[in-house]
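The values are calculated or read from the model by the stated rules, or taken from the named source; none is laboratory data. Only a predicted model underlies this, so the values are computations on that prediction, with no experimental measurement involved. Methodologically, a virtual Cβ is constructed for each residue, glycine included, from the backbone with ideal geometry; neighbour enumeration extends over all protein chains shown.
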Amino acid sequence: MRELIPKFFEVLGDCKKEQLIKDVISGVIVAIIALPLSIALAIASGVGPEQGLYTAIIAGFFISVFGGSRVQIGGPTAAFVVIIYGIVSDYGTDGLIVATIMAGIMLVIMGIFKFGSLIKYIPYTITTGFTCGIAVTLFTGQIKDFLGLRIENVPSEFVPKIVEYVKNIHTINTAAFLIGILAVVIMLVWPKVTDKIPGSLIAIIITTVIVALFRLDDKFGVSTIGSVYGKLDSSFPVPHIPKTSFSMVRNLMSPALTIAILAGIESLLSAVVSDGMIGDRHKSNAELIGQGLGNIFSGLFGGIPATGAIARTAANVRNGGRTPVAGIVHCITLSIILVLLMPLAAMIPLTTLAAVLLIVAVNMADWSAFVRLCKTAPKSDIIVLVLTFLLTVLFDLVVAIEYGVVLASILFMKRMSETVDVKSWKYIEEPEVTEGEAEKLMELSKGIRIYEISGPLFFAVSDSIFDVRAKDYTKVIIIRMRSVPAIDASAMKILRELVGKAKKKDIEIVFSHVNQQPLSVMEKDGFIEYAGKDNFKNNIVEAIEYAEGLL
């Protein structure tokens, strides 16, 4: 139960005044970093810019207070843009709220039932594939605003979107494009000046001033947040539960599960990275509960899905943050900005926000890892990697993860089945651990046959048990299972059939060195009584002596 206690309640009592000051400063800096990203990600997701701040404030607060990491910063991230855009297109904002709350509930359940360690079973090839796929989709999604193209409705699908861009390339707004290029240059150059203030914020300030000063929105049609979304709401959000139906909940189960899995993977990955930076160890199950609560309340207050943000968390650590206080201060700072300065955000050019997300898209994908896997990984892993990538780009993330996990599981079972071996032997070349074993094997009676099974016995390989065969003169078969770590119900059924056939032929089957998991399964199945308790021996020497006695 201790592992479910949030880090906030563990570390706060030990926090000194000097560290609290550092946490407050770091929280303010991280809020400045989160401000442009939260607005840009919300717009890219197809919702209002305010909803990005709602998410960073509400979800970020619950993730910091109830999560399992000392330094985790929660909020909207680029990984969710694709799936959020799809949900909003199909089900509207109410559908997104329902999916976000459902995902939060799933994450809380995962944490309570200690699924934190199970997230690691999502293959690296799948996470790499969909991360690169999201990066491509996010990048292409910003082209319209970056170039200032005049397109009424941009298709959500990748190929139709590219076709639409090509058809309308003649509508490019040169002024908007130049402002976007300036923003990109600033973000690339600014880190060489200082890394204390994010380049994205500087780019937004400079380009906004230029557009406002020279009235580029009026003279040259450079779109701003205000010109597209109207007056921005600067009031603090209030809880809202949308109307739902059973059919909506049923249809949103798959997207909600995808959001929950994504949030779990990204938040735990962020927590692991921050652990290495501060020399601490996070609580994975408490982190899932914190993420779940963050998403539940984010949805209730009109926000979008959230998770631990790796870049913001790393910035928190680099600026001295060491307790969840920094994350709470980050939320308070964003709340003040929302109430006091939100109307000014209406002046921000959309091409600048698109430029911010173009840089995010480029940085979020590990293309070196993608290329390395394509060159060095087994063919089965390459298939999973490329399929997940293509499905993410051409269809959506839900389809990509579903097919990727299923295919990875099937290929894994195939590889495991190739490790299972059932072989017959009478003699042995090298001495065994048990003293006198080799000599005993050399003196086997003709009526005894020994089979050794290696590898896990599960449904994909259970038929291999039938490789155990008897000669006309065989009276006892010894099955050596020291190299069988696990067994499932399908294999138990085949073993029971094998023993049943042997009994009809008056052949005894003796089991040698059955490991703990298979032995436990056999006991629960009643197989030990069926085969005979005396027919189970600790090692091969005992089994051979017992078989000789039966003869």
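Key figures
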| item | result |
| --- | --- |
| Residue in region 320-341 that is outside any helix (DSSP H, G or I), surrounded by fewer than 21 Cβ atoms within 10 Å (Cβ to Cβ), on the phi < 0 side of the Ramachandran plot and touching a helix residue (DSSP H, G or I) at 6+ places or on another chain (Cβ under 8 Å) present | yes |
| Top-ranked residue in region 259-289 [being acidic (D, E) and within 14 Å of G74 (Cα to Cα); ranked as surrounded by the fewest Cβ atoms within 10 Å (Cβ to Cβ)] | E266 |
| Residue count for region 76-86, restricted to those that are out of contact with any strand residue (DSSP E or B) (no Cβ under 8 Å at 6 or more places or on another chain) and in a helix (DSSP H, G or I) | 7 |
| Flag for I32 being under 22 Å from A260 (Cβ atoms), in a helix (DSSP H, G or I) and of a type in the set (V, I, T) | no |
| Residues located in region 113-132, provided they are assigned to a helix (DSSP H, G or I) and either among the β-branched types (V, I, T) or at positive phi (or both) | I119, T125, I126, T127, T128, T131 |
| Residues of region 514-545 satisfying the condition of being touching a Ser or Thr at 6+ places or on another chain (Cβ under 9 Å) and without any contact (Cβ under 8 Å) to a residue 40 or more places away in the chain | N515, F536, K537, N538, E542 |
| Members of region 206-228 that are exposed (fewer than 15 other Cβ atoms within 10 Å of the Cβ), more than 20 Å from I151 (Cβ to Cβ) and among the β-branched types (V, I, T) | V209 |
| Qualifying residue in region 3-25 (condition: in a helix (DSSP H, G or I), under 19 Å from L268 (Cα atoms) and among the aromatic types (F, W, Y)) | yes |
| So I63, is it farther than 25 Å from R250 by Cα, part of a helix (DSSP H, G or I), β-branched (V, I, T) and modelled with pLDDT of 90 or more | yes |
| Members of region 334-381 found to be at pLDDT 90 or above and of a type in the set (D, E, K, R), listed by number | R372, K375, K379, D381 |
| Single condition R312 does not satisfy, out of (1) of a type outside the set (D, E); (2) part of a loop (DSSP other than H, G, I, E, B); (3) under 21 Å from P191 (Cα atoms); (4) in contact with a His (Cβ under 9 Å, 6 or more places away or on another chain) | (2) |
| Lone unmet requirement of (1) within 21 Å of S45 (Cα to Cα); (2) surrounded by fewer than 16 Cβ atoms within 10 Å (Cβ to Cβ) for V136 | (2) |
| Any hit, region 87-94, residues being of a type in the set (A, V, I, L, M, F, W, C), in a loop (DSSP other than H, G, I, E, B) and closer than 26 Å to A345 by Cβ | no |
| Where R250 falls short, out of the listed (1) exposed (fewer than 15 other Cβ atoms within 10 Å of the Cβ); (2) farther than 24 Å from V399 by Cα | (2) |
| Hits in region 479-518 (condition: part of a helix (DSSP H, G or I), farther than 14 Å from I465 by Cβ and under 40 Å from the mean Cα position of the chain (by Cα)) | Q516, Q517 |
| Every residue from region 102-145 that is at pLDDT below 85 and among the basic types (K, R) | K120 |
| Single residue of A271, A260, A286 found to be in contact with a His (Cβ under 6 Å, 6 or more places away or on another chain) and assigned to a helix (DSSP H, G or I) | A271 |
